[in-house]
1. Take the alpha carbon atoms of segment 222-237, find their center, do the same for segment 153-206, and report the distance between the two centers in whole angstrom.
2. How large is ³J(HN,Hα) for each residue in segment 296-312, as worked out from phi by the Karplus curve 6.51 cos²θ - 1.76 cosθ + 1.60 (θ = phi - 60°), to whole Hz, x for Gly and Pro?
3. Using all C-alpha to C-alpha distances in segment 177-261, build P(r) with 5 Å bins and read off the rounded percent in each one.
4. Which value, in Å³ per residue, describes the convex hull spanned by the Cα atoms of segment 58-105?
5. At 1.4 Å probe size, what's the solvent-accessible area of R173? Round to the nearest 10 Å².
6. Can you send over the carbon and sulfur percentage of the accessible area for segment 183-254, probe radius 1.4 Å, protein chains only?
7. So which of K285/K306; K306/K360; K285/K352 end up more than 21 Å apart, counting from Cα to Cα?
8. Give the lysines reachable from K54 as a straight Cα distance under 18 Å; neighbours fewer than 8 places away on the same chain don't count.
Amino acid sequence: MRTFGIAGLLAMGISLALAQNPTASVDTSVDASGTSSATLASAKALARQGHLEKALAELDGLSKAEPEAAEVERLRGIILYQKELLPDAATAFARAVAQDATDQEAKEMLGITLYRLGRPQDAIPFLESSNGEQKIASASEGGESLVASPVASPAINTDPKYVLGLCYTDTGRYDDARRAFAAQFGFGADSAEAYLVAARLFLRREFVEEAAIFAQKAIELNPSLPLAHQLLGEVALAKADLPLAIKELEAEHKLNPLNGAMYDRLGDAYVRNSQFEEARQALNKAILLEPNTTGPYILLGEALIKLGEPIQAVHYLNRAVTMDPDNYVTHTFLGQAYRALGQVADANREYKLAIDIQHKGDSKPEQPK
């Protein structure tokens, strides 16, 4: 779970006073809203210390005040969010916004919570708001991008602009998503970098066609932009278009020859296209540049088996097992390598490990009553 923090805690001074004089009385003066400041401070302190149920009990008492301070409901929402009680958190944040339309943190937290509840369309208006007046202009409005400026919400380590971009993506507003992601990274809204970062995040969420369109636009704006051709190669790999994947990844190689991930993807494309010697060369470079990533070791092991070099394959595959012993693919290829060497017992052991790992998470069948 993300880091939980609450700004503006008031309990420190009270704790210090009690430490210096245990019998000293605590100031329970009532602020302008009718809320006992000491009690609100106590609720914040309890929440900060992880005593969430006790903090909620304090807030239940504070909620009876007339009028109730908006900060009470915001804090309640933050605690409920921390407890993963998202519907209740959304209700609390909505109350805080209704009580104080200028409560920016409550708006952002309401938007983030609604997104996590699978309601991106409902989340957008709250995330668009910046100080109650700015928003990211819709592409359909033809307006200049006015990007919300707040930093990550104090309650959680999440940038509202990123979540807004996700909401736009999920609702098909891809250009607005680009503007939001560009704002998070500090890129110009219409720059090649903005198109590329949007493409990367689209691909991560399996919006494959949109990722390809935006990566191609990035290349049109800046033909020498690193990582754009790699992304197009990854899209082609996802679509099993191996010739195009190899073409794009080789183009990336010319622009970015020290990119270990590029050699990994290129080796993958070569293996799938049965170009095993080319795969060996690419994956050797990937391992030199990214020695702590298992993917190149596994792919190289597969290529070496196909090249008739099972002894070398065992070496690289065992290295992958050392790094990640619970990858059934590695054990499967190790079984193939040992079988090619005539080591039947070792091969059977690796095949059994692969099967056991695959079924490790399976639940046991229900016994008949």
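1. 18
2. In residue order, the calculated couplings are x, 5, 5, 5, 5, x, 4, 4, 5, 4, 5, 7, x, 10, x, 5, 5 Hz.
3. In order of increasing distance, the bins hold 3, 18, 26, 26, 18, 8, 2, 0 percent.
4. For segment 58-105, the hull spanned by Cα atoms encloses 62 Å³ per residue.
5. Spelled out: R173, probe radius 1.4 Å, area about 60 Å².
6. Its accessible area is 55 percent carbon and sulfur atoms.
7. K306/K360; K285/K352
8. Output for K54: K44, K64, K83.
The values are calculated or read from the model by the stated rules, or taken from the named source; none is laboratory data. Here the structure is a predicted model, which is why all the values come from computation and not from measurement. In case anyone asks, the SASA skips ligands and DNA or RNA and just uses the protein heavy atoms, side chains included. Shrake-Rupley method; radii C 1.70, N 1.55, O 1.52, S 1.80 Å.
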